[in-house]
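First up is the structure itself, then whatever we jot down about it.
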Amino acid sequence: MPMYSHSRLSVYETCPRQFRFQYVDKVAVPEVESVEMFLGSRVHAALEDLYDRVRQGKVPALDDVLAGFRRDWVKEWTPDIQISREDMTAEDYLALGGSQLTTYDERYRPFDQERTVAVERRVSFPLDETRKIWMQGYVDRLSVTREGLWQIHDYKTGRWLPSQADLDRDRQLALYQIGVQRQFPRQARDVELVWHYLAHDLEMRSRREPEALRELETRTLALIDRIQADTAFPLLEGPHCARCPYQSLCPAWSHLFTQEALPEAERPLEDGAALVDRLAALRARRREVKAEIGQAEADLIAYARAAGVEAVFGTTHRASIAILRTLSLPKPGDPRRAEMEAILRAGGRWEEVAELNIRAVGKKLAGGDWPADLIGALDPFQDREETARISLRRRQDPEDS
């Protein structure tokens, strides 16, 4: 039975190739856990334990919550957990988690704002019963207020803060709402989605109408259909590549691992590396030469104008300089445009160049078949531009010609 989740769908949206490695080919790779992921897991575990005890009528003291958090941290910590920020240590992240739990405790103690129904509640439901396509997920906390409002809570320990519009489009908790309402059809008629951004001591909320949930089901099923029909699973590069555990298998990154397996002194000599370095050097030279060519052309045009000639001879080549004169008239958005249109209307020539076709006006002016007074009235609107074009050919001796 195909079972999908928000996180699985997100992997496909981020990079179909990673989805194939992870869920189709099921490639086994060493798990890489960042300290941010570890922090989130430990804070979630502390809040899960807190609300489990609250449900039993035993509200723990803050010191007990923090002590349990530290014990869990020390027990689960391994040297393999990655810390990418050079200015932070494991102790710093431990203190950060304690701080987040403390501010949360100060806001919600004695935790009686609503009745907790479940923590880490698994929800699952069919998107298409005929094809047996199911969705599943885990709700951080499910609660009911005194007024009978069901709330789906989600805890975030990162510093990124979405906009309200982002939350109103959020797929994850909306899918959880569908699951909760399927499991509790009579009770969970009114549901609110609640996010706790612990790093900011901020709570944000969103609601979904039945029509919005039906549209979400349709969009989600369409995405699953795309996944199931995909045979290519193209790779998509982006910032997520830095965290991808399948880099060594990915065509966009595997050569890097081939290089890094070589002794450092041999890496620049490897065929692929040498070719890339050569191309980069050639393109750098091309940019430099292009700039030099532009300056040489400008100098040659200036020389030809000063000398009053249209061709300049070198020892092996002849350069022909053609001066092109063009007429430029006001374009849409130019304040002079309306004034020019008024003159054309007053002169009875508007119909000939309806909607002020610039090219048509230019032809009329160049042809000289309009009255002189009208051409004179339009003269201030004419910007005359000159451009030069250089043709470079190898010289031929008269005898060869």
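The values are calculated or read from the model by the stated rules, or taken from the named source; none is laboratory data. Everything numeric here is computed off the predicted structure, so don't read it as measured data. Using ideal geometry, Cβ is built from the backbone for each residue, glycine included, and neighbour counts are taken over all protein chains shown.
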*Could you identify the single residue in 50, 62, 66, 39 that is under 28 Å from residue 204 (Cα atoms) and under 34 Å from the mean Cα position of the chain (by Cα)?*
39
*Among what's in the stretch 14-33 and is surrounded by fewer than 16 Cβ atoms within 10 Å (Cβ to Cβ) and of a type in the set (D, E, K, R), pick the residue that is nearest to residue 80 (Cα to Cα).*
33
*Test residue 301 against the stated conditions and say whether it is touching a residue at least 40 places away in the same chain (Cβ under 8 Å), in a helix (DSSP H, G or I) and either surrounded by 10 or more Cβ atoms within 10 Å (Cβ to Cβ) or more than 32 Å from the chain's Cα centre (by Cα) (or both).*
yes
*Which of (1) assigned by TED's automatic domain parsing to the domain that holds residue 160; (2) on the phi < 0 side of the Ramachandran plot does residue 120 not meet, given it meets every other one?*
(2)
*For residue 315, all conditions in the list (1) exposed (fewer than 10 other Cβ atoms within 10 Å of the Cβ); (2) under 30 Å from residue 344 (Cβ atoms) hold save one; what is the number of the exception?*
(2)
*Are there any pairs with C-beta distances below 9 angstrom linking a residue in the stretch 325-346 that is at pLDDT below 75 to a residue that is among the small types (Gly, Ala, Ser), with the two at least 6 apart or on different chains, and if so which?*
326/362; 327/362; 327/366; 328/362; 329/362
*Restricting attention to the stretch 55-101, which residues are in contact with a strand residue (DSSP E or B) (Cβ under 8 Å, 6 or more places away or on another chain) and assigned to a helix (DSSP H, G or I)?*
55
*May I ask you to verify whether residue 232 is out of contact with any Lys or Arg (no Cβ under 7 Å at 6 or more places or on another chain) and without any contact (Cβ under 8 Å) to a residue 24 or more places away in the chain?*
no
*Yes or no: residue 224 touching a residue at least 60 places away in the same chain (Cβ under 8 Å), surrounded by 13 or more Cβ atoms within 10 Å (Cβ to Cβ) and not acidic (Asp, Glu)?*
yes
